[in-house]
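Q: The structure's right below; bear with me while I get my questions together.
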Amino acid sequence: MDLKQFARELSSASAKIAAELELGFHAIVKEIEEMAKEEIGVYQPAFGPFEAWAPLAASTKAERVRLGYTEDEPLLRSGQLRDSIESEVAGLAAIVGTKNVIGLWQEVGTDRIPPRPFIGPAYVRKIDPLMESIGKTILDGFIATDNL
């Protein structure tokens, strides 16, 4: 194989790899979104750099009951916060989050609310599968080409 043919093969492999990476990336980003949604309403343990969720205060539990919600499902009332979590992908850039300001307050905490992160831990749980997927896709892309 001459250098010109080798360059064509590399170009072809990179286009295939980019397309496969984008498909895999979409899938993992959607998994992060779904995982973040699943964390709403259930006390989360410590994970990576994130501490376990603090129990709801007795006053918060009483207010939840007064408003007609269950006593002890942290961050879950009407489902509005959970349902506001969405993902957006552009090429190999993505964001999973919520435009609901309450999500920010819960994720990082305030002077009156302890942090109950649900986006950050979902990312951390999926970083290893994401890196493995990227590596496998790149390797498969080069192996699948006609004997570079």
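The values are calculated or read from the model by the stated rules, or taken from the named source; none is laboratory data. Since the structure is predicted, the reported quantities are computational estimates derived from the model, not experimental observations. Glycine gets a Cβ as well: all are built from the backbone with ideal geometry, and neighbour counts include every protein chain shown.
Q: Scan the stretch 60-88 for residues that are under 30 Å from GLU20 (Cβ atoms) and either crowded, with 17+ Cβ neighbours inside 10 Å or touching an Asp or Glu at 6+ places or on another chain (Cβ under 8 Å) (or both) and report the count.
A: Narrowing the stretch 60-88 to residues under 30 Å from GLU20 (Cβ atoms): 85-88.
Narrowing the set further to residues that are either crowded, with 17+ Cβ neighbours inside 10 Å or touching an Asp or Glu at 6+ places or on another chain (Cβ under 8 Å) (or both) leaves 85-87.
Number satisfying all stated conditions: 3.
Q: Let me ask you something else. Considering only the stretch 101-123, state which residues are among the basic types (Lys, Arg) and modelled with pLDDT under 95. Before you say what the answer is, go through the steps one by one.
A: Step one: filter the stretch 101-123 for residues among the basic types (Lys, Arg), giving 112, 116.
Of everything in the stretch 101-123, just one residue is among the basic types (Lys, Arg) and modelled with pLDDT under 95, namely ARG112.
Condition check ((1) within 30 Å of ILE134 (Cβ to Cβ); (2) outside any loop (DSSP other than H, G, I, E, B); (3) in contact with a helix residue (DSSP H, G or I) (Cβ under 7 Å, 6 or more places away or on another chain)) across all residues:
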| site | (1), (2), (3) |
| --- | --- |
| PHE6 | yes, yes, no |
| SER11 | yes, yes, no |
| GLY24 | yes, yes, yes |
| ALA27 | yes, yes, no |
| GLU31 | yes, yes, yes |
| TYR43 | no, no, no |
| ARG64 | no, yes, no |
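Q: Still on this structure: Find the residue count for the stretch 125-141, including only residues that are loosely packed, with under 15 Cβ neighbours inside 10 Å and touching a residue at least 12 places away in the same chain (Cβ under 8 Å).
A: Applying the first criterion (loosely packed, with under 15 Cβ neighbours inside 10 Å) to the stretch 125-141 yields 127-129, 131-132, 135-136, 139-140.
Restricting the remaining residues to those that are touching a residue at least 12 places away in the same chain (Cβ under 8 Å) gives 129, 140.
Looking only at that region, the number is 2.
The rows are residues; the columns are (1) under 15 Å from HIS26 (Cα atoms); (2) at pLDDT below 95.
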position	(1), (2)
ARG66	no, no
GLU71	no, no
LEU81	no, no
LYS126	yes, yes
LEU130	yes, yes
LEU139	no, yes
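Q: Continuing with this model, one more query. Is there any pair with a first residue in the stretch 99-118 that is closer than 21 Å to GLY48 by Cα and a second that is exposed (fewer than 14 other Cβ atoms within 10 Å of the Cβ) whose Cβ atoms are under 7 Å apart and which are 6 or more apart or on different chains, and what are they?
A: PRO114/ALA54; PRO115/VAL108
Q: Something else now. Can you tell me which residues in the stretch 1-59 are surrounded by 17 or more Cβ atoms within 10 Å (Cβ to Cβ), in contact with a Ser or Thr (Cβ under 8 Å, 6 or more places away or on another chain), more than 15 Å from THR137 (Cβ to Cβ) and charged (D, E, K, R)?
A: Listed by number, the list holds a single entry, GLU33.
Q: Please identify the pairs in which a residue from the stretch 85-96 that is touching a residue at least 40 places away in the same chain (Cβ under 8 Å) and assigned to a loop (DSSP other than H, G, I, E, B) has its Cβ atom under 8 Å from the Cβ atom of a residue that is surrounded by 13 or more Cβ atoms within 10 Å (Cβ to Cβ) and of a type in the set (S, T, N, Q), counting only partners at least 6 apart or on another chain.
A: As it stands, the answer is ILE85/THR98, since those pairs meet every condition given.
Q: Quick check: anything in the stretch 92-103 under 18 Å from the mean Cα position of the chain (by Cα), surrounded by 14 or more Cβ atoms within 10 Å (Cβ to Cβ) and either farther than 27 Å from HIS26 by Cα or of a type in the set (D, E, K, R) (or both)?
A: no
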